[in-house]
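Written below as structure tokens is the structure these notes are about.
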Amino acid sequence: MERDEQGARSIGAVFPADADAADLPAAAVQAERLGYDSLWVVEDCFLSGGLTMAATALAVTERLEVGVGLLPAAVRNPAIAAMEIATLARIHPGRFTATFGHGVAEWMEQIGARPPKRLAALLETVTVVRALLAGERVDLDGEHVHQAAVALDHPPAVAPTVLVGSTGPKGLALAAEQADGALLAEGCGPGFVAGAVERARTAGGRLDTVVYAWMRIDDDPARARAALRPTVNAWRDSGRYPGPVAAAGLDAGQPLDDAALDRLAIVGDGPGCAAAVERFLAAGTGRLVVVPQGADWREQLERFAGAVLR
């Protein structure tokens with residue numbers, strides 16, 4: 001796959017949320033060797049810590065960018081979060097991206113951390129973290145965040161990128177107005193991406209996007225789609241992503257045809273996957289991040305790199 005003249009196209013990969021964290025160092029080295037631009041780690045309850053995994057991946061690589069998505073704002077004191085993020089940014093300048101979001105509602109309730117006003121908690125956390133990373137002193141007595149004369153002793157020379165992970169209209173507006181962009185989860189196909197970018201433009205702003213996309217590559221496209229179909233069915237029927245589901249024109253309980261899978265994911269043989277990548281990029285995706293599906297996810301990263309990245 002060719003890069004544009006500015007080298008702006010970025011293709012990364014996700015280290016699967018349920019993978020053994022002990023496999024992360026080797027996976028990070030593999031991703032860098034294969035030519036991926038970034039590796040993203042996932043903080044899901046109750047698996048592995050996002051910042052810990054990011055630090056590990058950064059330490060074993062040299063050029064690979066590392067992102068974490070996402071850190072639930074409700075459980076992160078912004079001063080401590082900024083201190084941790086600044087540390088990574090100072091040790092590995094220009095290589096780290098942090099993402100904040102609401103967190104899965106059920107998990108936040110399970111640990112007693114769901115705030116009364118989720119959007120306020122997210123807005124205040126992101127605003128304070130970005131201000132601290134920029135070297136500012138913060139005084140805020142907000143609805144969720146309370147900081148008195150807080151400043152980092154060692155802010156990074158260049159503040160790292162801070163994203164908001166969301167698929168809802170209010171979260172995406174926050175990402176465009178108060179953060180450095182948005183992280184869009186799996187299922188946000190090109191149609192949804194294009195709509196989000198256009199809404200931000202119409203509102204007088206812009207929305208830089210990092211987009212996760214399911215990926216399954218196989219010499220037999222039908223076999224690749226069959227392997228992916230249960231994952232997409234479960235996602236569609238979860239009720240958590242009404243916007244992306246509506247944008248894809250999906251109905252609960254209805255069979256997923258090949259066209260629907262192709263609208264949402266990077267799936268098929270090498271040429272088919274390459275064409276899907278181009279659809280995502282043409283829709284306005286800034287950084288595309290493939291999410292390999294299957295227990296053979298490391299082999300999937302190898303095959304995709306050989307067919308699409310090189």
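The values are calculated or read from the model by the stated rules, or taken from the named source; none is laboratory data. Given the structure is predicted, the values throughout are model-derived calculations rather than measurements. Methodologically, a virtual Cβ is constructed for each residue, glycine included, from the backbone with ideal geometry; neighbour enumeration extends over all protein chains shown. Remember, those area values only see protein heavy atoms, side chains included, never the ligands or the DNA or RNA. Shrake-Rupley method; radii C 1.70, N 1.55, O 1.52, S 1.80 Å.
Any residue at all in region 296-306 that's over 20 Å from residue 66 (Cα atoms) and open to solvent by less than 30 Å² (accessible area, probe 1.4 Å)? The answer is no, given that none of the residues of region 296-306 is over 20 Å from residue 66 (Cα atoms) and open to solvent by less than 30 Å² (accessible area, probe 1.4 Å). Would you mind stating whether residue 279 is more than 19 Å from the chain's Cα centre (by Cα) and not in a loop (DSSP other than H, G, I, E, B)? Answer is no for this residue. For region 22-50, the set of residues classified as among the aliphatic types (A, V, I, L, M) and either open to solvent by 40 Å² or more (accessible area, probe 1.4 Å) or under 15 Å from residue 165 (Cβ atoms) (or both) consists of 22, 26, 29, 41, 42, 47, listed by residue number.
For residue 69, the stated conditions do not hold, so it cannot be described as crowded, with 22+ Cβ neighbours inside 10 Å, at pLDDT below 95 and part of a loop (DSSP other than H, G, I, E, B).
Applying the condition of being in contact (Cβ under 8 Å) with a residue 60 or more places away in the chain and within 18 Å of residue 70 (Cβ to Cβ) to region 9-23 and asking which residue is farthest from the chain's Cα centre (by Cα) yields 19.
Counting only strands (runs of 3 or more DSSP E) that sit wholly inside region 146-259, those with at least 1 residues that are over 17 Å from the mean Cα position of the chain (by Cα) and farther than 30 Å from residue 270 by Cβ are 146-150.
Cβ-Cβ contacts under 9 Å between residues 6 or more apart (or on different chains), taken from a first residue in region 24-47 that is of a type in the set (S, T, N, Q) to a second residue that is part of a loop (DSSP other than H, G, I, E, B), are listed as 30/36; 38/64; 38/95. Within region 76-99, the only residue that satisfies the criterion of being in a helix (DSSP H, G or I) and under 22 Å from residue 16 (Cβ atoms) is 88. Of the numbered criteria (1) open to solvent by less than 40 Å² (accessible area, probe 1.4 Å); (2) touching a residue at least 60 places away in the same chain (Cβ under 8 Å); (3) not aliphatic (A, V, I, L, M), the one residue 235 fails is (2). Does residue 288 meet the test of being of a type outside the set (D, E, K, R), closer than 27 Å to residue 105 by Cα, touching a helix residue (DSSP H, G or I) at 6+ places or on another chain (Cβ under 8 Å) and open to solvent by less than 40 Å² (accessible area, probe 1.4 Å)? Here the answer is yes, as residue 288 does meet what is asked.
Let's see how each residue does on (1) in contact with a strand residue (DSSP E or B) (Cβ under 7 Å, 6 or more places away or on another chain); (2) farther than 20 Å from residue 120 by Cα:
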{"residue": "163", "(1), (2)": "yes, no"}
{"residue": "168", "(1), (2)": "no, no"}
{"residue": "171", "(1), (2)": "yes, no"}
{"residue": "174", "(1), (2)": "yes, no"}
{"residue": "177", "(1), (2)": "no, no"}
{"residue": "182", "(1), (2)": "yes, no"}
{"residue": "187", "(1), (2)": "no, yes"}
{"residue": "191", "(1), (2)": "no, yes"}
{"residue": "197", "(1), (2)": "yes, yes"}
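For region 115-145: of the residues being acidic (Asp, Glu) and outside any loop (DSSP other than H, G, I, E, B), which is farthest from residue 92 (Cα to Cα)? It comes out as 141.
One line per residue, one yes/no per condition, for (1) in contact with a helix residue (DSSP H, G or I) (Cβ under 8 Å, 6 or more places away or on another chain); (2) farther than 23 Å from residue 109 by Cα:
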{"position": "60", "(1), (2)": "yes, yes"}
{"position": "67", "(1), (2)": "yes, yes"}
{"position": "73", "(1), (2)": "yes, no"}
{"position": "77", "(1), (2)": "no, no"}
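Assessment of region 162-177 against the conditions (in contact with a Cys (Cβ under 6 Å, 6 or more places away or on another chain), in contact (Cβ under 8 Å) with a residue 12 or more places away in the chain and not hydroxyl-bearing (Ser, Thr, Tyr)) yields no matching residue. Give me the residue from region 88-113 that is under 25 Å from residue 148 (Cβ atoms) and free of Cβ contacts under 8 Å to residues at least 60 places away in the same chain and, out of that set, least open to solvent (accessible area, probe 1.4 Å). My answer is 113. Within region 24-57, the set of residues being at pLDDT below 95 and either part of a strand (DSSP E or B) or more than 19 Å from residue 70 (Cβ to Cβ) (or both) is empty. Would a scan of region 93-111 turn up a residue that is over 25 Å from residue 236 (Cβ atoms), in contact with a Leu (Cβ under 8 Å, 6 or more places away or on another chain) and of a type in the set (Ser, Thr, Tyr)? Within region 93-111 (the criterion being over 25 Å from residue 236 (Cβ atoms), in contact with a Leu (Cβ under 8 Å, 6 or more places away or on another chain) and of a type in the set (Ser, Thr, Tyr)), the answer is yes, since at least one residue qualifies.
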